[in-house]
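Structure first, commentary second.
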Amino acid sequence: MVGLIHVVRDITDRKRAEEERAKLEARLREAQKMEVIGSLAGGVAHEVRNPLNAIMALTDALDQEVGANPEYKAFMMHMRTQVDRLTALMNDLLELGKPVEQSKLRTESLTEIVAISVDAWKQSKHGKDREVVVSVAGPAEGTYILADAKKLQQVFINLLDNAAQHSPAGSPVRIEVPPPAGGKAEVRVVDQGAGIPADILPRVFDTFFTTRRGGTGLGLSIVKHIVEKHGGTISLANNDPPPGCAVSVVLSTLEEI
């Protein structure tokens, strides 16, 4: 007698475990890469800072001597612009190399951090003439997280800057705090720009990647570094329907930490 025996084995759990392990390994590799980049960047910034300060001092002295002369005015403006750009780059590199110190984490109100960030941004160069629409859901008012408040303020100020620079003049920038769910709190920063091409979306948080002329490609990578050191996640997606895109920062509420 001839027969067939079929053995069926459900490997769903094993496949899911393998996928989770692969994701964890990818996150670990990314964290190790960022640690190396941050350490190297911080070292380079420290080495460059002293000669850069000397150049700044010489530029100031030269400006006092010849700055009033129309013949040299354009040259002096160009020198100062480039020095300022290098200074901003060095500050970004130093920030990339700084860890989020666990000893500085405190119980903080997420909505207060957002409010302080918005107020500070409104006083900045990019924010003083822009409208910001803040939308906080009622249940979010009582959301507390474990955080370095100044670091997270830097995150939201940077994201507001980025949103304003990619939005048409006169259009509002939105920052939204929906109700927390499942032990997680979210903050969304929404712009009204042209959106991000699909082939660029996966690279927006990469260190030194930028599509903006004069950009350093460090702003969003620093933001990602800070958020992940707080145990959170950050993502960017185009709005549906358009226009613009939204950056979502998700953090654990205090009860889940």
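The values are calculated or read from the model by the stated rules, or taken from the named source; none is laboratory data. On a predicted model such as this, the values are computed, not experimentally measured, just so you know. Neighbour counts are summed over all protein chains in view; Cβ atoms, including those assigned to glycine, are modelled from backbone coordinates with ideal geometry. Quick note on the areas: whole protein, heavy atoms, side chains included, nothing else; ligands and nucleic acids left out. Shrake-Rupley method; radii C 1.70, N 1.55, O 1.52, S 1.80 Å.
Compute the accessible area per residue over the stretch 144-217, keeping the other protein chains in place, probe 1.4 Å, unit Å².
With all protein chains present, the stretch 144-217 gives 47 Å² per residue.
Go through the stretch 80-95 residue by residue and turn each phi into a ³J(HN,Hα) via Karplus (6.51, -1.76, 1.60, θ = phi - 60°); whole Hz please, and just put x for glycine and proline.
Once θ is set to phi - 60°, the couplings for the stretch 80-95 become 5, 4, 5, 5, 4, 5, 5, 4, 4, 5, 5, 5, 5, 5, 5, 5 Hz.
If the label point is 7 Å along Cα→Cβ of Ile200, which residues in the stretch 132-170 have backbone nitrogen under 20 Å from it?
Those under the cut-off are 158-170.
By how many nm would the segment from Thr211 to Glu112 lengthen if fully extended, with 0.36 nm per residue of separation less the alpha-carbon distance?
So the extension gain works out to 32.4 nm.
Give me the one-decimal nm value for the distance between modelled label points at Asp63 and Ala120, 7 Å along each residue's Cα-to-Cβ direction.
For the pair Asp63/Ala120, the computed spacing is 2.5 nm.
Taking all protein chains together and a probe of 1.4 Å, list His166, His230 from the most accessible to the least accessible.
Accessible-area ranking of His166, His230, largest first: His166, His230.
Over the alpha-carbon set of the stretch 84-189, divide Rg by the Kirkwood Rh and report the Rg/Rh ratio to two decimals.
Result: Rg/Rh = 0.99.
Pairs Lys122/Lys229; Lys151/Lys184; Lys150/Lys229; Lys73/Lys128; Lys98/Lys128; Lys15/Lys184: which exceed 23 Å Cα-Cα?
The pairs that break the limit, which is 23 Å between Cα atoms, are Lys122/Lys229; Lys73/Lys128; Lys98/Lys128; Lys15/Lys184.
Considering the zone a paramagnetic label at Ser171 would reach in this model (a point 7 Å from Cα along the Cα-to-Cβ line), which residues of the stretch 181-224 have amide N under 17 Å from it?
189-198, 212, by backbone N distance to the label point.
Would you mind telling me the share, in percent, of accessible area of the stretch 109-189 contributed by carbon and sulfur at probe 1.4 angstrom?
52
Keeping all protein chains in position, work out how much accessible area Asp129 exposes to a 1.4 Å probe, and write it in Å² to the nearest 10.
130
Using the Cβ atoms and a cut-off under 11 Å, what net charge is assigned to the surroundings of Pro172, where Lys and Arg are +1 and Asp and Glu are -1?
0
Using the Cβ atoms and a cut-off under 10 Å, what net charge is assigned to the surroundings of Leu110, where Lys and Arg are +1 and Asp and Glu are -1?
Neighbour charge sum, excluding Leu110 itself: -4.
With Cβ to Cβ distances under 15 Å as the rule, what net charge do the other residues near Gly67 carry (K, R +1; D, E -1)?
Once all neighbours under 15 Å are counted, the net charge is -2.
So what does Val134 come to for accessible area, using a 1.4 Å probe and Å² rounded to 10?
Result for Val134: roughly 70 Å² accessible.
Going 7 Å from the Cα of Leu52 toward and past its Cβ, which residues in the stretch 84-118 have a backbone nitrogen under 16 Å from where you end up?
Only 84-98 fall inside the zone, counting backbone N under 16 Å.
Between Thr87 and Ala22, what is 0.36 nm times their sequence separation minus the Cα-Cα distance? Round to one decimal in nm.
Stretched out fully, the Thr87 to Ala22 stretch lengthens by 19.5 nm.
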